[in-house]
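See structure below.
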Amino acid sequence: MTTFLPKSPGEALGDLIREKGLNQTEAAMKLGITRQYLNSVINNKYPVTAELRLKLTDLLKTRPEFWAEVQKVWDEHLSSPEGRALKRDREQDDLALSFDIRGGHTLVDHEVEAAVKAEHIGIKPFDRDRLGSTCYQMSFGLRGDCYSGTSTRPIVTKPGFTLQRGQMLSISTRESLVLPGRVRAIVHGLTVQWTSQFLQCFHQRVIEPGMSGPVTFSLINSGPFDLEISEGEPCLVLSFEYLAQEPVASLL
């Protein structure tokens, strides 16, 4: 059984224009609009507006109500699981294309947010307030291992944990990080509130694509006083780099 897949208003417009034996330049001239604008409508960058629907009445012999129905069916499709997956795939393709045009670069705030939305980067849970101009602040997770001399014991950082002088804490971030494709993470170290607390931080500097899970790191309290650590507090600063080409390992 063949499954009928609805078309977006832009796709439907492109099909009808081709059925008339017209290319986009010819259709745009007859409609009194630019080819660039028509191309953007066909590629779903702009909607089929009420004014354009009226112009299409003469060229394609369609009624304005026809486009309202196409839009309604398309919106219903986008709300389905299949439609949401299609929308996500298209957002991923559009975002990857925009990144490719820029080439390899450090993602800025709006690019990181768009990459998270399009699932080019996975940060769960994601907090927009943790996003700076080029960096994201990860937070302390729930569990870790505390080392003091020769003893090791698991600890829980919620609601609070005291990292005593001379102790080392091996812990993971609360957030789970997923780096598919061509994005890698750079770990810059502790957030500002911890850099003056005599903490030594040991971590993996570069996290390559393919990583999935929390970011792990270790802390040593080398200061003169104990430190209180709570789950959810900002701890590590990360930035994200879009690679100019696929990692070598993924091409093998």
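Laboratory data are not the source of any read-out in this text; all were calculated from the coordinates shown. Quick caveat, the model's predicted, so the values are computed rather than measured. Virtual Cβ from ideal backbone geometry, glycine too; neighbours counted across all protein chains shown.
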* Dipole of the range 9-79 (Lys/Arg Cβ +1, Asp/Glu Cβ -1, origin at the Cα centre): which of Ala12, Gly32, Asn44 lies farthest to the positive side? -> Gly32
* Along the charge dipole of the range 100-202, which of Val112, Pro154, Ala185 sits closest to the positive end, that is, farthest toward it, with unit charges on the beta carbon of Lys, Arg, Asp and Glu (+1, +1, -1, -1)? -> Pro154
* **Folded to 0 to 90 degrees: helix 50-60 orientation relative to the chain principal axis, Cα** => 40 degrees
* **Estimated [θ] at 222 nm from DSSP helical runs (n ≥ 4, -39500 (n - 2.57)) normalised by residues in the chain, nearest 500** => -11000 deg cm²/dmol
* Structure fact -> Magnitude of the Cβ-charge dipole (Lys and Arg +1, Asp and Glu -1) of the chain about the Cα centre, nearest 20 debye, reported as 200 debye
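At a 10 Å Cβ-Cβ cut-off, how would you order Val156, Val215, Val108, fewest neighbours first?
Details: Val156 12, Val215 22, Val108 15.
Ordered from fewest to most neighbouring Cβ atoms within 10 Å, Val156, Val215, Val108 come out as Val156, Val108, Val215.
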* Taking amide H positions as placed 1.01 Å from N in the peptide plane, with prolines and chain starts having none, which residues 5 or more places from Met211, or on another chain, fall under 5 Å of its amide H? -> Leu179
* Structure fact -> Helix 64-78 sits off the longest principal axis of the Cα atoms of the chain, rounded to the nearest 10 on a 0 to 90 degree scale, by 30 degrees
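Could you tell me which of the pairs Lys72/Lys124; Lys20/Lys117; Lys7/Lys55 are separated by over 28 angstrom between their Cα atoms in the structure shown?
Working: Lys72/Lys124 33 Å; Lys20/Lys117 38 Å; Lys7/Lys55 20 Å.
The pairs that break the limit, which is 28 Å between Cα atoms, are Lys72/Lys124; Lys20/Lys117.
What's the whole-number percent of alpha carbon pairs in the range 109-251 lying beyond 27 angstrom? Don't skip to the answer; put the middle values down first.
Values: 2476 of 10153 pairs.
Result for the distance tail: 24 percent.
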* Asked: In percent, how large is the relative contact order of the chain, given Cα pairs closer than 8 Å and 6 or more residues apart?
  -> 18 percent
